[in-house]
Amino acid sequence: MKKWYKFNCILLVLLIIFAFTACKSNTSQNTTDKTGTVDNSNTSDGNNAVSVDPAFTEFKDVKLTYWHPFSSTYITSLDENIVMQEMEKITGIEVEFITPAAGHEDEAFNLMIASGDYPDLINSSSYKGGGIKAVKDGVYLKLNDIIEKYAPNYAAVMALKPDIERQTKEDDGTIWSFNCIQIDDEPSWAGPVIRQDYLDKLGLQMPETIDDWYTVLSAFKEKGNIETPMLLPLNKFYAADVFAGTYGSSTGAFLNKNGTVVYGPIEPGFKEFLTLMNQWYEEGLVDKDFATRDDKSIDAQITSGKAGACAVTFYGSFSSYDLAGKATDPVFDLVPAPYPVINRGDDVSTALHVGNKNWYSKGCELAISTNCENVEAAAKWIDYRYSAEGFMLFNYGVEGVTYNWVDGALDFNMGSSFFHPELQEKIKTMHPEYTDLMVNNPDGVDTNTAADKYKGPYVAQLRNPLSFVLSNAVYEAMDIWSKPGKDYILPPLSVTDEEAQVESSYMSQITTYKDEMLMKFIMGIEPISNYDKYVAQIKALKIDELIQVRQDQLDRYSDR
């Protein structure tokens, strides 16, 4: 693992001068056999119970309601998640989860807000006008004083680096949520992938340039008889931007070009991208059904061997793709590919500007509503996630059940620089090792699926993004995908009421038209010669007003 995992010297200095105020747990130690079965002999009762942490004694009978979107193929609700069960044992606080139907989260959220019957805790970024508007509307609490008084762990995490604090506050300094935070730079998790076994079979080299990709995809089609040389999942994060970014553009994002905001889908380079995709589509090199293919169909194309490459993936998908692919083809070998450049020998770190950028704050906000009757209990319950004990619980599960501490320093590949500062000394000589519940699950699920039950849900916490069992291909992918420059990517920005109204008035219509024309240009329904007319229409739909909004937001962010 490269520089992202090397221990940050600045953090070492901070460790010396800055002590965390942490909630200490009296969690009893369990032992586990190689199957992950819990031995209850060391627990305080026969049900693997633990004593309530003294810091939470006064909240033992408190009940909180928690609105939390959740969907899993492994468990039916968060009540089955053992981290949530452990939190109730540690804090004595009972939590009732309110889970909207999958696919209808925004609708359910808007109905809840309209009703005025808010739960104590709300995990959503769907509030119209953003969280700061929710504070002004009397729905969410402003948390600045609450964090200072009741959440010392979160306050300490925010203070670790100026950019963490910048990314967890609004422009005026308002804090309205607890965020998912990482204290080091997360490696890139998105980029192109390709079937190495297909390359080997046809005697092809890994493609590096756009011309290389053309050569490879043509060979996949003509010599390898591969049904879909390359998938083009435009509806996924960073999808075609793997190739649009080669030309300094984007399929849907606003970009930051040296401090000036532009709209990627009307940049000059976007025309070059569309021209390329249209050529490849006409020649049968990209998915003929890209406009209508859904996620399940994309996955099936990859695992069945019908697809030779994909524009983008997530490193968590490798394990499931690998298992499914090898089940039907033992030589199945999906590997990461570098982001393409124009000229051979170009340095991707300077030639490219639209790589996969990750921020210290991952969002996943958790707000406390104005209906919460016990704000202190709610704040301390959330704050536990940012303590050393909470870090281990949410990232690794329950000690003795899903992991054990074993001798040997933590490998950089496992994200030592993301560990809670209070654990930095410990991981020099010990490291957490997963039990078979995670790595050889008796239900036959992969580690990412098992996490739904055995790790904390991905929301407000101090996170180690590498706290998974990852293959060598994943580590290789993170190295390769992290190399492109990312200076065009906008940081997390705040939205004012007036700006939200501008976006609400114009953005939906612009996006609908842009998506329609993107499909038509690639499929040849609309000739590329009409590109200037397309740009003119985007401008007629008021894109310049939206660009100015983003520019104002970027300027304010820079002044925080």
If one takes the longest principal axis of the Cα atoms in the chain, at what angle in degrees, from 0 to 90 and to the nearest 10, does the Cα axis of helix 210-222 lie?
80 degrees
Centre separation in Å (Cα based) which lies between the range 240-280 and the range 104-121
37 Å
Net charge of Cβ neighbours under 14 Å - reference I113; Lys, Arg +1; Asp, Glu -1:
-2
Proxy reagent accessibility, fewest Cβ within 10 Å first, across L410, L285
L410, L285
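Quick one: order H353, H104 by neighbouring beta-carbon count within 10 Å, fewest to most.
Working: H353 20, H104 11.
So the residues, fewest neighbours to most, are H104, H353.
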Angle, helix 268-282 long axis vs. longest principal axis of the chain, Cα atoms, 0 to 90°, nearest 10?
70 degrees
Alpha-carbon centroid distance for the pair the range 326-378 / the range 487-501, whole angstrom
19 Å
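Nearest 0.05, what FRET efficiency do S126 and S505 give at R0 = 22 Å with Cβ-Cβ as r? Working shown, then result.
Working: r = 18 Å, r/R0 = 0.83.
Efficiency for this residue pair is about 0.75.
Would you mind classifying the range 392-544 by shape? Square roots of the alpha carbon gyration tensor eigenvalues, ordered a ≥ b ≥ c; an a/c under 1.5 is rounded, otherwise it is prolate if a/b is larger than b/c and oblate if not. All intermediate terms of the calculation are to be shown ahead of the outcome.
On the way: a/c = 2.71, a/b = 2.33, b/c = 1.16.
Prolate, since a/c reaches 1.5 and a/b exceeds b/c.
Given the C-alpha atoms of the range 505-547, compute the convex hull and give its volume per residue in Å³. Write out the running numbers ahead of the final one.
On the way: hull volume 2.5 nm³, N = 43.
Each residue corresponds to 58 Å³ of Cα convex hull volume.
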What does a probe at D61 reach in the range 96-130, counting residues whose amide N is under 13 Å from the point 7 Å along Cα→Cβ?
none
In what sequence do Y513, Y247 fall when counting other Cβ within 10 Å, fewest first?
Y513, Y247
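Quick one: of the DSSP bridges fully inside the chain, what percent are antiparallel, nearest 5? Before the final figure, lay out the partial values.
Numbers: 24 of 38 bridges.
Given both bridge residues lie in the chain, the antiparallel proportion sits at roughly 65 percent.
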Spelling it out for E526: with amide H atoms placed in the peptide plane at 1.01 Å from N, the residues 5 or more places away or on another chain with amide H under 5 Å from its amide H are F521
With N set to the number of residues, divide the alpha-carbon radius of gyration of the range 239-351 by 2.2 N^0.38 Å and report two decimals.
1.22
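How many percent of the alpha carbon pairs in the chain exceed a separation of 37 Å?
Values: 56633 of 156520 pairs.
Counting pairs separated by more than 37 Å, the tail of P(r) holds 36 percent.
When the helix-only estimate is applied to the chain (DSSP H runs of n ≥ 4, each -39,500 (n - 2.57), divided by the residue count), what is the mean residue ellipticity at 222 nm, nearest 500 deg cm²/dmol? Can you show the working numbers first?
Values: 22 runs with 215 residues, N = 560.
Only helices count here, giving -11000 deg cm²/dmol.
Using 23 Å as the Cα-Cα cut-off, could you pick out the over-long pairs in K306/K326; K221/K514; K362/K542?
Details: K306/K326 14 Å; K221/K514 30 Å; K362/K542 30 Å.
Violating the 23 Å limit, Cα to Cα: K221/K514; K362/K542.
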How far is helix 531-540 tilted, in degrees, relative to the longest principal axis of the Cα atoms in the chain, given as a value from 0 to 90 rounded to the nearest 10?
50 degrees
In nanometres, what is the gap between the two model label sites at E282 and S349, each 7 Å from Cα along Cα-to-Cβ?
3.9 nm
Output needed: percent of Cα pairs per 5 Å distance bin for the range 163-275, bins running from 0 to the one holding the longest distance.
2, 9, 14, 14, 15, 15, 10, 7, 6, 4, 2, 1
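Values in this text are rule-based calculations from the coordinates and carry no lab data. On a predicted model such as this, the values are computed, not experimentally measured, just so you know. Note that each Cβ is placed from the backbone with ideal geometry, even for glycine, and that neighbours are counted across all protein chains shown.
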